[in-house]
Amino acid sequence: MAGPKGPSCARPACDREVMKDEWGVDIYPCECRFKICRDCFLDAQNETGLCPGCNQPYKTNDGVGKSGRGGGFEDPADKPWQPLTQRIPIPSNIITPYRLLIVVRLVVLGFFLTWRVTHVNDDAVWLWFMSIVCEIWFAFSWILDQIPKLCPVNRSTDLELLRDKFETPDKTKNPEGRSDLPGLDFFVSTADPEKEPPLVTANTILSILAAEYPVEKLACYISDDGGALLTFEAMAEACGLADLWVPFCRKHDIEPRNPDTYFSLKGDPTKNKRRKDFVKDRRRVKREYDEFKVRINNLPDTIRRRSDAYNTKEEMKMLHTIRESGVDPTEPIKIKRATWMADGSHWPGTWSNPIRDHAKGDHAGILQVMLKPPSPDPLYGSGDGLVDYSDVDIRLPMFVYMSREKRPGYDHNKKAGAMNALVRSSAVLSNGPFILNLDCDHYVNNCMAVREGICFMMDGGGEDICYIQFPQRFEGIDPSDRYANHNTVFFDGNMRALDGIQGPFYVGTGCMFRRFALYGFDPPNLGLLASGKKGGDGTESASETQALKATDFDPDLNVNELPRRFGNSIPLSNSIPVAEFQGRPIADHPTVQYGRPPGVLRDAREPLDATAVAEAVSVISCW
């Protein structure tokens with residue numbers, strides 16, 4: 001239903017609404033407060049340059065113009081402020097019948113329960129009483145389930161506006177066209193290469209590396225809780241294929257960007273493809289991917305043969321040393337059957353034949369930066385390779401393999417502990433203010449999904465959002481979905497309903513988090529630190545160890561004032577206010593209460609050094 005119309009233009013034969021500023025408040029360009037619409041204002045400027053109300057040049061207290069709010073107004077040619085997201089209610093012709101059905105069922109349920117309570121079965125009172133309790137409990141549970149469904153919502157995002165606001169080149173302020181979007185860290189978790197095939201994990205990583213997001217702002221981390229060399233070498237193979245696959249996706253706008261799913265799609269692959277070399281490029285990439293699958297599937301045998309060869313070599317060395325000493329061995333020489341890496345060194349993680357310090361629950365921490373952070377400026381390929389990438393940005397996001405240290409006697413908390421280790425190591429290396437976690441078999445099936453999630457975080461009020469849950473879609477399900485594996489009732493019904501009241505569930509994967517919220521801090525509030533007094537023994541009181549109440553973090557904030565629950569890592573403590581500041585929306589509207597200035601995230605990221613990597617290994621240790 002349309003709202004009341006605002007004041008109309010005072011010029012004769014014009015009934016258009018007066019000009020409004022970006023907050024929707026009426027604008028009076030002259031101090032005589034003559035009501036004028038935007039078109040009439042432009043006509044008067046072009047014709048006489050005088051105000052039609054007082055026939056004088058436009059005069060204001062600040063020489064620019066005043067709105068009814070008391071603030072200056074922008075040039076009429078400037079774009080008005082618009083939200084990045086919209087909340088779309090369910091159409092009334094759909095939701096109203098459902099609400100009526102709920103009311104009818106509620107009335108019928110009330111009559112039924114009234115009849116059940118008033119008609120006591122004297123022959124089996126205890127059985128009647130237990131059935132009444134169960135029926136009332138189930139009725140109460142049903143009511144709790146139906147209440148959120150009374151007001152479900154849909155949400156939409158404006159990706160073009162996000163691009164205009166954060167990535168528009170400017171001749172004076174941003175000549176290079178660098179992005180002002182915040183950083184994003186992807187977390188992928190896996191635990192056992194036998195139960196979770198490395199090929200599936202590699203495809204998930206490739207879909208992440210090809211996501212449509214500024215390359216220099218994206219980082220991907222994989223947590224291997226099994227500490228398996230098989231997973232490590234599979235990720236190395238995936239990085240090699242990414243040099244070919246990611247630019248191919250950018251060049252031809254491939255969707256989905258999971259190579260296994262893409263090459264399995266039925267139908268015409270040339271549909272909506274305009275470049276003449278698409279068929280040739282696709283054929284070459286498909287051949288490389290088939291060879292990649294063969295190498296991944298042969299990795300277990302490759303590692304076993306390599307380890308057997310190195311172990312045999314070590315046995316021969318030991319036997320030769322003993323014989324040179326003049327001692328004739330009476331028993332066969334036995335050495336530890338190690339698992340060897342391709343560079344001729346022992347794998348520090350879990351061995352194929354586990355021993356102490358090399359078992360699933362007992363191994364050192366491992367962290368390897370497989371793809372270094374890219375340069376801030378585009379890097380174009382050449383036409384001399386397998387595929388012509390002369391006009392395609394060939395940069396790849398940073399990719400890190402991580403396996404946290406595990407020792408007997410420590411509670412490692414399974415996936416939650418792996419996520420905690422990822423949060424700590426990524427804070428030292430990339431410190432993206434937002435985190436998106438995925439299981440190893442859940443790939444990104446929409447390359448723009450990341451940008452849609454950022455729209456919610458960067459919109460007005462986005463600083464109060466903790467996480468955004470993406471729905472899951474599944475493959476390989478029979479067309480009738482007889483076992484409800486699509487989970488449409490849950491994701492398309494219950495989750496939308498919960499979104500209408502407060503927020504959906506976190507289902508364990510496919511969720512974008514605000515890093516600052518994962519640290520246990522409250523949303524921005526007045527005051528820099530939670531105030532409190534120290535106890536008589538000099539220890540911090542409970543109020544001091546609570547969350548930061550951050551509005552404007554001081555760059556010179558003393559890290560010793562931060563809560564001690566984060567450990568003794570100074571780089572980790574220093575990263576906390578940085579992540580909070582970078583995760584704020586741009587302060588371009590009054591609804592953004594705790595915003596950051598536009599353009600502050602266009603600077604290049606500092607390059608990684610050995611000290612940062614060593615610190616990242618330190619924060620994933622057991623202690």
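Can you name the residue in region 575-616 that is outside any loop (DSSP other than H, G, I, E, B) and among the β-branched types (Val, Ile, Thr) and is also farthest from the chain's Cα centre (by Cα) among such residues?
Thr611
Which one of Glu405, Glu452, Glu463 is more than 30 Å from Phe232 (Cα to Cα) and modelled with pLDDT of 95 or more?
Of Glu405, Glu452, Glu463, the one residue that is more than 30 Å from Phe232 (Cα to Cα) and modelled with pLDDT of 95 or more is Glu452.
Name the residue, out of Gln56, Gln82, that is at pLDDT 70 or above, touching a strand residue (DSSP E or B) at 6+ places or on another chain (Cβ under 7 Å) and not charged (D, E, K, R).
Gln56
Among the residues of region 482-501, which ones are out of contact with any Phe, Trp or Tyr (no Cβ under 6 Å at 6 or more places or on another chain) and at pLDDT below 80?
Once the filter is applied, which keeps residues that are out of contact with any Phe, Trp or Tyr (no Cβ under 6 Å at 6 or more places or on another chain) and at pLDDT below 80, region 482-501 yields Tyr483, Ala484.
Among (1) closer than 25 Å to Thr231 by Cβ; (2) touching a Phe, Trp or Tyr at 6+ places or on another chain (Cβ under 9 Å); (3) surrounded by 17 or more Cβ atoms within 10 Å (Cβ to Cβ), which single condition is Asp281 missing?
Here Asp281 meets the rest and fails (1).
If I filter region 277-292 down to residues being without any contact (Cβ under 8 Å) to a residue 60 or more places away in the chain and out of contact with any helix residue (DSSP H, G or I) (no Cβ under 7 Å at 6 or more places or on another chain), which single residue comes out as nearest to Pro247 (Cα to Cα)?
So the residue we want is Arg282.
Are any residues in region 432-490 among the hydrophobic types (A, V, I, L, M, F, W, C) and assigned to a strand (DSSP E or B), and if so, which ones?
Selection gives Phe434, Ile435, Leu436, Leu438, Ile468.
The rows are residues; the columns are (1) without any contact (Cβ under 8 Å) to a residue 60 or more places away in the chain; (2) surrounded by fewer than 22 Cβ atoms within 10 Å (Cβ to Cβ); (3) not in a loop (DSSP other than H, G, I, E, B).
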position	(1), (2), (3)
Pro378	yes, yes, no
Gly409	yes, yes, no
Ala416	yes, yes, yes
Leu422	no, no, yes
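Conditions first: (1) touching a helix residue (DSSP H, G or I) at 6+ places or on another chain (Cβ under 7 Å); (2) of a type in the set (Val, Ile, Thr); (3) at pLDDT below 90; (4) farther than 22 Å from Phe470 by Cβ. Ile136 passes all but one, so which condition is the exception?
Of the numbered conditions (1) touching a helix residue (DSSP H, G or I) at 6+ places or on another chain (Cβ under 7 Å); (2) of a type in the set (Val, Ile, Thr); (3) at pLDDT below 90; (4) farther than 22 Å from Phe470 by Cβ, the odd one out for Ile136 is (3).
Tell me which of these Asn574 doesn't satisfy, since it passes every other one: (1) at pLDDT below 90; (2) surrounded by 19 or more Cβ atoms within 10 Å (Cβ to Cβ).
(2)
Can you tell me which of Asn485, Asn437 is crowded, with 21+ Cβ neighbours inside 10 Å, among the polar types (S, T, N, Q) and closer than 30 Å to Leu265 by Cα?
Asn437
Of the residues Glu233, Glu237, Glu291, which is outside any loop (DSSP other than H, G, I, E, B), surrounded by fewer than 16 Cβ atoms within 10 Å (Cβ to Cβ) and under 35 Å from the mean Cα position of the chain (by Cα)?
Unique residue meeting the criteria: Glu291.
Could you say whether any residue in region 161-178 is in contact with a Cys (Cβ under 7 Å, 6 or more places away or on another chain) and of a type outside the set (Phe, Trp, Tyr)?
Yes, there is a match, as at least one residue in region 161-178 is in contact with a Cys (Cβ under 7 Å, 6 or more places away or on another chain) and of a type outside the set (Phe, Trp, Tyr).
Within region 175-186, does at least one residue satisfy the condition of being free of Cβ contacts under 8 Å to residues at least 12 places away in the same chain, over 22 Å from the mean Cα position of the chain (by Cα), more than 30 Å from Asn494 (Cβ to Cβ) and not assigned by TED's automatic domain parsing to the domain that holds Ile254?
Checking region 175-186: at least one residue is free of Cβ contacts under 8 Å to residues at least 12 places away in the same chain, over 22 Å from the mean Cα position of the chain (by Cα), more than 30 Å from Asn494 (Cβ to Cβ) and not assigned by TED's automatic domain parsing to the domain that holds Ile254.
How about region 502-535: which of its residues are among the basic types (Lys, Arg) and at pLDDT below 90?
Residues satisfying the conditions are Lys533, Lys534.
Would you call Pro4 modelled with pLDDT under 80, within 30 Å of Ala449 (Cβ to Cβ) and either in contact with a strand residue (DSSP E or B) (Cβ under 7 Å, 6 or more places away or on another chain) or not hydroxyl-bearing (Ser, Thr, Tyr) (or both)?
no
The values are calculated or read from the model by the stated rules, or taken from the named source; none is laboratory data. Predicted model only: the values in this text are computed from it and were never measured. Quick reminder, even Gly has a Cβ in these numbers, built from the backbone with ideal geometry, and neighbours come from all protein chains shown.
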